[in-house]
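Laboratory data are not the source of any read-out in this text; all were calculated from the coordinates shown. Values in this document were obtained by computation on a predicted structure and should not be read as measured data. Neighbour counts are summed over all protein chains in view; Cβ atoms, including those assigned to glycine, are modelled from backbone coordinates with ideal geometry.
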Amino acid sequence: MSSTIEGRPIAFRMQLKAGVAAEYERRHDELWPDLAEALRGAGIYDYSIFLDEETMSLFAVLRLKPDNDKDALPLQPVMKRWWDFMADLMEVHPDNKPVEWPLKPVFFFEG
């Protein structure tokens, strides 16, 4: 993931395998409390994932606190367990970390 301009979201794309959208959503509906705490502890305060059902692409958008520690999140055991838990549903690296493609910001409106 790329860095963020103060207060602006960062976004990236991930890829689901065919036929697993309902299971992906179910697993996120039951997000583990210790994973939620790790995300908060890393400075993530707003995180949404959207699905393009035609391409099975996931689009993630998150906001980070200025003093975030998101780069340490992959070292958390709970994060590694989550990746292992989700690996059967999406494109992943050999360590089961989801493959992520950064998205370039091209427009930002704050009302």
Problem - Hz values of 3J(HN,Hα) by residue in the stretch 37-42 - Karplus curve (6.51, -1.76, 1.60), Gly and Pro given as x - result: 5, 5, 5, 4, x, 7
Exercise for the section: Which order do the peptides 95-103, 28-36 take when ranked by the mean count of other beta-carbon atoms within 10 Å per residue, highest first? Expected result: 95-103, 28-36
Handout entry: 5 angstrom amide H check on M90, placed H, neighbours 5+ away
Key = K17
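What relative contact order, as a whole-number percentage, does the chain give when Cα pairs under 8 Å and 6 or more residues apart are counted?
Numbers: 156 pairs, mean separation 41.4, N = 111.
Relative contact order here is 37 percent.
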Exercise for the section: Starting from the eigenvalues of the Cα gyration tensor, five times each then square-rooted, give me the equivalent ellipsoid semi-axes of the chain, largest first, whole Å. Expected result: 22, 19, 13
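Could you list, in their original order, any pairs among K70/K104; K17/K80; K17/K104; K17/K65 whose Cα atoms are separated by more than 22 Å?
K17/K104; K17/K65
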